[in-house]
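Written below as structure tokens is the structure these notes are about.
A short reminder: the numbers here are calculations on the coordinates, not readings from a lab. Computed from a predicted structure; not experimentally measured. Cβ atoms come from the backbone with ideal geometry, glycine included; neighbour counts cover every protein chain shown.
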Amino acid sequence: MRLKSKTEIEYIRKSNRIIAEIFEKLKPYMRAGITTREIDKIAEDHIFSRGARPAFKGYTPAFGFPPYPASTCVSVNEQVIHGIPGDYILREGDIVSVDIGTELAGYYGDATYTYLIGEVSDEIRALSENTFQALYEAISVCKKGNYLNEIGKAIDFFLKPFGYGIVRDYCGHGVGNAIHEPPPILNYFDPKRKGPRLQKGMVLAIEPMITLGSYKVKTLPDKWTLVTEDGKPAAHWEHSVAITDGEADILSVI
């Protein structure tokens with residue numbers, strides 16, 4: 001868990017800013033009729049146009065995993081994370097998270113945006129909005145001197161009254177010199193795991209993954225796509241942030 005210098009954080013910001021640009025660029029395209037593969041192509045083209053490369057494409061986290069085949073993860077409805085882009089055509093009422101990783105000059109960015117396609121149900125809209133707010137509740141406690149588990153506590157305590165499922169099998173992480181770095185960042189509160197104190201120079205990818213039903217998930221035969229066991233929809237929002245002497249610096253914004 002190496003602390004990043006001010007110069008390194010600026011490079012990480014540049015990598016993340018490319019992702020933020022893509023999220024804005026995608027907005028007019030995220031409507032019924034587009035395929036998830038087309039979404040991936042728009043994102044990939046933009047990454048290359050900015051002199052970066054897709055960090056996810058070809059990524060293998062461990063032995064036994066096939067290399068990830070796309071530049072983005074496009075997860076629809078009950079797909080929580082790692083949805084592989086393909087021939088699925090978005091429909092009115094879908095909830096879609098687009099997770100993007102970039103690498104520029106050896107520094108990595110990682111962020112996720114959840115899109116609502118056309119008219120969605122009130123409960124799906126609320127799920128996305130509350131997951132987004134939970135992300136910012138977590139960012140608000142990303143201050144030097146706080147324990148790492150304050151992040152999961154902020155997410156958990158904000159979302160608990162809504163009765164959502166908070167995915168436990170996957171979590172946030174450090175980011176910067178690699179797409180995934182220590183420490184693991186839980187999205188729920190475990191009083192037995194304080195974790196280290198946050199220090200200036202840490203760069204963290206915070207990413208609540210929240211479901212409308214149970215927190216239990218399973219992996220599809222493609223060994224990547226994670227879906228809810230009960231088939232209920234999920235939302236996923238993520239920012240990369242740097243710990244400073246004051247408020248956290250959100251790197252994955254324009």
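Restricting to the range 45-58, name every residue that is surrounded by fewer than 20 Cβ atoms within 10 Å (Cβ to Cβ) and either basic (Lys, Arg) or within 15 Å of Pro85 (Cα to Cα) (or both). Matches in the range 45-58: Asp45, Arg50, Arg53, Lys57, Gly58. Taken over the range 151-165, the criterion of being touching a residue at least 40 places away in the same chain (Cβ under 8 Å) and either among the polar types (S, T, N, Q) or out of contact with any strand residue (DSSP E or B) (no Cβ under 6 Å at 6 or more places or on another chain) (or both) is satisfied by Ile155, Leu159.
The condition of being under 13 Å from the mean Cα position of the chain (by Cα) and buried (at least 21 other Cβ atoms within 10 Å of the Cβ) holds for only one of His173, His236, His180, that being His236. Give the range 125-147 a look and list any residue that's surrounded by fewer than 22 Cβ atoms within 10 Å (Cβ to Cβ) and in contact with a Gly (Cβ under 9 Å, 6 or more places away or on another chain), or say none. Residues satisfying the conditions are Lys143, Lys144, Tyr147. On the stretch given as the range 84-98, residues that are closer than 20 Å to Ala126 by Cβ and among the hydroxyl-bearing types (Ser, Thr, Tyr) total 1. Listed by position, the strands (runs of 3 or more DSSP E) inside the range 180-228 whose residues that are free of Cβ contacts under 8 Å to residues at least 60 places away in the same chain and either in contact with a helix residue (DSSP H, G or I) (Cβ under 6 Å, 6 or more places away or on another chain) or of a type in the set (Asp, Glu) (or both) number at least 3 form an empty set. Within the range 59-83, the only residue that satisfies the criterion of being β-branched (Val, Ile, Thr) and either more than 15 Å from the chain's Cα centre (by Cα) or surrounded by fewer than 16 Cβ atoms within 10 Å (Cβ to Cβ) (or both) is Thr60.
For the range 149-170, the set of residues classified as surrounded by fewer than 20 Cβ atoms within 10 Å (Cβ to Cβ) and in a loop (DSSP other than H, G, I, E, B) consists of Gly163, Arg168, Asp169, Tyr170, listed by residue number. Restricting Glu207, Glu229 to those that are within 23 Å of Cys142 (Cβ to Cβ) and charged (D, E, K, R) reduces the list to Glu207. The set of residues in the range 105-139 being in contact (Cβ under 8 Å) with a residue 24 or more places away in the chain and either touching a Lys or Arg at 6+ places or on another chain (Cβ under 7 Å) or over 30 Å from Met202 (Cβ atoms) (or both) consists of Ile117, Gly118, Glu119, Val120, Ser121, Glu123, Ile124, Ala126.
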